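Undergrad: This structure is in structure tokens; I'll ask about it shortly.
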């Protein structure tokens, strides 16, 4: 079983809290839309790899500016040293933006369904579109309405062994797929730096997640 890679989203400018979890995570996600002013200075203080994300409202973010400025900030993040830039698959002028990002960083193309989990066939098509658009990493995140939705997103990972794929469900019913995503072959999973600072519904904390992984790896299945 491979090591589970953990990404901690940074949602507020609190360097002390970031430094406390830094030894436990593999990378950070700088949420430009949530941090607001000062995100550049904060990013410069990070000593681990980081993903730049400026999430639009339609996909669960809080960006209040116009689209041109949103994309400009992501390109600026690539210039500042972001290892990965997260762009929504539905973004306008996607081909041009992907080309610009990939001059400096890896490109993560993301899809979020804030209401439900689409069928496996629909999600396969989403991954196909992401790859055709030039994604280095594909992300398909949905909302669990029933527990079986967790199995659907994990099956998507299982049948895509050659794809760097992140897929899990959000919401109270989705915690299990968040935990299992990297164990099932997914690229990484996300965990909040502290309780109350989650970047998405159903996210558990870094300390909780690392505790779960310690138990799993300490007591592997026979």
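Undergrad: Using Cβ counts within 10 Å as a stand-in for footprinting exposure, how do 162, 73, 177 rank, fewest first?
TA: So the residues, fewest neighbours to most, are 162, 73, 177.
Undergrad: Let me ask something additional. Please check: in the Gaussian network model of the chain (C-alpha springs, under 10 Å), which one of 43, 82, 90 has the largest mean-square fluctuation.
TA: Looking only at 43, 82, 90, the largest GNM fluctuation is found for 90.
Undergrad: Shifting gears a bit: I need the shape label for region 4-106. Rule: rounded when a/c is under 1.5, else prolate if a/b > b/c, else oblate, with a, b, c from the alpha carbon gyration tensor.
TA: prolate
Undergrad: Now a separate question. Between residue 146 and residue 95, how many nm apart are label points set 7 Å from Cα along the C-beta direction?
TA: 4.0
Undergrad: Does region 165-222 come out rounded, prolate or oblate, given a ≥ b ≥ c as the square roots of the eigenvalues of its C-alpha gyration tensor, rounded meaning a/c under 1.5 and, failing that, prolate meaning a/b above b/c?
TA: oblate
Undergrad: Relative contact order (percent) for region 127-183, with alpha-carbon contacts under 8 angstrom and 6 or more residues of separation?
TA: 37
Undergrad: Quick one: go through region 51-89 and flag any residue whose amide nitrogen is under 20 Å from the point 7 Å out along the Cα-to-Cβ line of residue 44.
TA: It comes to 51-53, 72-84, nothing else.
Undergrad: So if I take the centroid of the Cα atoms in region 29-96 and the same for region 162-188, what is the distance between those two points in Å?
TA: After rounding, the separation between the Cα centres reads 22 Å.
Undergrad: Sum -39500 (n - 2.57) across every DSSP H segment of at least 4 residues in the chain, then divide by the residue count to get the 222 nm mean residue ellipticity, nearest 500.
TA: The helix contribution divided over the chain gives -10500 deg cm²/dmol.
Bear in mind these aren't lab numbers, they're just calculated from the coordinates by the rules spelled out. No experiment lies behind these values; they were computed from the predicted model shown. Here the Cβ is made from the backbone with ideal geometry for all residues, glycine too, and neighbour counts use every protein chain on show.
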